1. Could you check how many residues of region 22-54 are assigned to a helix (DSSP H, G or I), surrounded by 11 or more Cβ atoms within 10 Å (Cβ to Cβ) and among the charged types (D, E, K, R)?
2. If only one of Ile75, Ile61, Ile119, Ile66 is closer than 18 Å to Phe25 by Cα, buried (at least 16 other Cβ atoms within 10 Å of the Cβ), at pLDDT 95 or above and touching a helix residue (DSSP H, G or I) at 6+ places or on another chain (Cβ under 9 Å), which one is it?
3. I'd like the residue in region 78-98 that is surrounded by 11 or more Cβ atoms within 10 Å (Cβ to Cβ) and acidic (Asp, Glu) and, out of all such residues, is farthest from Ala24 (Cα to Cα).
4. Could we say that Thr72 is farther than 21 Å from Ile119 by Cα, in a helix (DSSP H, G or I), out of contact with any Phe, Trp or Tyr (no Cβ under 7 Å at 6 or more places or on another chain) and in contact (Cβ under 8 Å) with a residue 24 or more places away in the chain here?
Amino acid sequence: MFDNINKPKGLQRVYLAALNSLRAFKWLYTNESAFRQELLLLVIAMPLSFVFNISFKEQVILILAILFVIFTEVINTAIEAVVDRVGLEIHPLSGLAKDLGSAAVMISLMVASSIWLIILV
């Protein structure tokens, strides 16, 4: 009942959450080459989306498709971090968790590629 007494509220909570997110993005950029590659893809895709004769809505969809890949990579990395935190010994379920996270990234790349193809072709 009294768990929330000292927890930040309102804008202070939002500010602290933003700092945590920025720290996570910095860690991802420093430590995850896949994240850097997907970020580069986003940097290329944003201006590229203006080259094509498509609507603003379609441009937004193209960018969101890449952001979906980045989102999935962040979740995959979180899964890997938790699995590694639990233990470094080889266990079938640990491998499965990491493989499933990787499969999620692959599916997100397939979805993003399909969206780009559907809109541009």
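The values are calculated or read from the model by the stated rules, or taken from the named source; none is laboratory data. All values reported here derive from a predicted model rather than from experimental measurement. When we count neighbours, we look across all protein chains shown, and the Cβ atoms used for this are built from the backbone with ideal geometry, even at glycine.
1. Count: 2.
2. Details: Ile75 fails: buried (at least 16 other Cβ atoms within 10 Å of the Cβ); Ile61 fails: closer than 18 Å to Phe25 by Cα; Ile119 fails: closer than 18 Å to Phe25 by Cα.
Exactly one of Ile75, Ile61, Ile119, Ile66 is closer than 18 Å to Phe25 by Cα, buried (at least 16 other Cβ atoms within 10 Å of the Cβ), at pLDDT 95 or above and touching a helix residue (DSSP H, G or I) at 6+ places or on another chain (Cβ under 9 Å), namely Ile66.
3. Checking each candidate, the answer is Asp84.
4. When the stated conditions are applied, Thr72 passes them.
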